[in-house]
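To start, the structure itself, in structure tokens.
The values are calculated or read from the model by the stated rules, or taken from the named source; none is laboratory data. The structure presented is a predicted model; accordingly, all values stated were derived computationally and were not measured. Cβ atoms come from the backbone with ideal geometry, glycine included; neighbour counts cover every protein chain shown. Surface areas here come from the heavy atoms of the whole protein model, side chains and all, with no ligands, DNA or RNA. Shrake-Rupley method; radii C 1.70, N 1.55, O 1.52, S 1.80 Å.
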Amino acid sequence: MEHRDTARAADLVTRSALPGTLVARLKQLRDLPEARLPSIYMTPEDSISREEDNQSDFTSSIVAGRMRNLGDSLSFRSSTNPTPRVTAFILEQQFEGVVIAVDHSSRSFIARLIDRTNHCPDEEAEIEFDEISPDDHPLIVPGALFTWDIGREQDSSRQIRRISEIRFRRIFRFSQAATERADNYAVDMLELLNEGSSFLQESSACGG
Amino acid sequence: MKEALSSRSHPPAADELEISIFGPGFGESVVIHIGAGRWILIDSCIDTNTGIPAALDYLNALSASPEAVELIVATHWHDDHVRGLATMVNACSTAQFACSAGLNSHEFLALASLYAECPTSIPAGPTELKRAFEQVIARRKTPSYRPIKWARSDTLIWDQQVPIADRKLQVRLHALSPSDEMLTRAMEEMAQAHAAATQSDQVTLPSQVARIISVSL
């Protein structure tokens, strides 16, 4: 079957040897916007409802049909075939996680999950490596941080998909100045916190 | 939490021991009346209805003064147990504050300071404890200042007599952990996390386990 890209299905009517009923169908084809015509295939006569029997949209009747070899018939498609793009993402729940332990033999890890959406109690979960993008696998180490987003994604074709995505924190480095500030802070605080205090084992009087 | 508060419209009697447990789960914050209008608070969580620590909300509902709080204990830094802790420490200006001895280290304080500057959103436990420490330090020059109690296993955190009627009740709070082994592991993990934070591209947190303290009353 020869394929030809065209934005106008009607252009091919006269070049195809089609059953009479289908020719009659195509004569009534109206020009549809390209975006609504990602691909159209000729379908055999018996898979298309006749005009007098079905008042449904012409395009939907073609797209719903089955494909089979039509000999000299042509299939045609529009010249543009845009990939549906994500137009909306509705976040339903978000967790922040910390890896507690990793088991490479079972290819899973234990993580503590903090519910950022509903503020429910922290939970622990065992997550398999297969749930994580391969690029993030090297980041799965004890203490590693990640976010887990759960929600619904809608694309430009109005298709809705449920999404569950775990992404590990990466590409972050504390500056030298921040590190020095933190160390200086720690030195000062340590001195202040232990001024006049001692570990409990060394003190004989408790409670103030 | 609204149901718990409405069920108690008056404070406990002077000779009444009361243990109140708050939290979205179970035990994220514990409020203990040890007698004679004196209180001990263990951990903190936020009442989502009011936005303030559940323990303070409860005391306020009973018309109990925050200054009647004798001791605040932070058992560990999980978010669901420390939210609002610094606010609680600030409000209870005369209370003793106690937490794990594992937090009394350069590495933890440096990490908490770094995490506070972290532009990404990470668990806030260490930062909340840092703020609680700063609240205590801010009272250094005041008569109400009480140095932090650094808790280890099998040690006494608090030991006082509570006058009840014509008697005195001895109240003690023991720390059951962390053990020496847990403290050693904690120090090692925090040193590793500190080194990782300053040398690598990955933000990590030390393991939580070694920082937990348990108490018995």
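For the condition within 18 Å of B:Phe97 (Cα to Cα) and not small (Gly, Ala, Ser), B:Ile52 does not qualify.
Can you tell me which of B:Ala124, B:Ala110 is open to solvent by 40 Å² or more (accessible area, probe 1.4 Å) and either facing chain A (nearest Cβ under 7 Å) or of a type in the set (A, V, I, L, M) (or both)? Full working, then the answer.
Values: B:Ala110 fails: open to solvent by 40 Å² or more (accessible area, probe 1.4 Å).
Residue meeting the stated conditions: B:Ala124.
Pairing each residue of the range B:36-60 that is in a helix (DSSP H, G or I) with any residue that is β-branched (Val, Ile, Thr), provided the two are 6+ apart or on different chains, yields C-beta distances under 6 Å for B:Ala55/B:Val31; B:Asp57/B:Thr50; B:Tyr58/B:Val31.
B:Glu117 passes every criterion in (1) modelled with pLDDT under 95; (2) in contact with a Pro (Cβ under 6 Å, 6 or more places away or on another chain) apart from (2).
Scanning the range A:128-166 for residues that are closer than 16 Å to A:Val99 by Cβ, open to solvent by 50 Å² or more (accessible area, probe 1.4 Å) and either in a strand (DSSP E or B) or among the basic types (Lys, Arg) (or both) yields A:Glu128, A:Trp148. Is the range B:124-147 home to any residue that is at pLDDT below 85, out of contact with any Cys (no Cβ under 7 Å at 6 or more places or on another chain) and closer than 24 Å to B:Ala191 by Cα? Yes, that holds for at least one residue.
Could you list, in sequence order, the residues of the range A:164-208 that are modelled with pLDDT of 90 or more and aliphatic (A, V, I, L, M)? Those that are modelled with pLDDT of 90 or more and aliphatic (A, V, I, L, M): A:Ile166, A:Ala182, A:Ala186, A:Val187, A:Met189, A:Leu190, A:Leu192, A:Leu193. Filter the range B:37-63 for residues that are surrounded by fewer than 22 Cβ atoms within 10 Å (Cβ to Cβ) and out of contact with any helix residue (DSSP H, G or I) (no Cβ under 8 Å at 6 or more places or on another chain) and give the result. Answer for the range B:37-63, where residues must be surrounded by fewer than 22 Cβ atoms within 10 Å (Cβ to Cβ) and out of contact with any helix residue (DSSP H, G or I) (no Cβ under 8 Å at 6 or more places or on another chain): B:Thr48, B:Gly51, B:Asn60, B:Leu62, B:Ser63. Within the range B:178-207, restricting attention to residues that are more than 23 Å from A:Leu113 (Cα to Cα) and modelled with pLDDT under 75, the residue that is nearest to the other protein chains (Cβ to nearest Cβ) is B:Thr198. A search for C-beta distances below 7 Å between a residue of the range B:133-154 that is open to solvent by 30 Å² or more (accessible area, probe 1.4 Å) and any residue that is of a type in the set (Ser, Thr, Tyr) and at pLDDT below 90, counting only pairs 6+ apart in sequence or on different chains, returns B:Pro147/A:Ser197. Among residues of the range A:109-133 that are free of Cβ contacts under 8 Å to residues at least 24 places away in the same chain, those with a beta-carbon under 6 Å from a residue that is part of a strand (DSSP E or B) and among the β-branched types (Val, Ile, Thr) at least six positions away or on a different chain give the pairs A:Ile110/A:Ile100; A:Arg112/A:Val98; A:Arg112/A:Ile100; A:Asp122/A:Ile114; A:Glu126/A:Ile110. Taking the conditions (1) in contact (Cβ under 8 Å) with a residue 60 or more places away in the chain; (2) surrounded by fewer than 18 Cβ atoms within 10 Å (Cβ to Cβ); (3) more than 27 Å from B:Ala191 (Cα to Cα); (4) facing another protein chain (nearest Cβ under 8 Å) in turn, B:Cys118 satisfies each one other than (3).
Within the range B:155-177, the set of residues being more than 12 Å from chain A (Cβ to nearest Cβ) and open to solvent by less than 70 Å² (accessible area, probe 1.4 Å) comprises B:Pro163, B:Ile164, B:Ser177.
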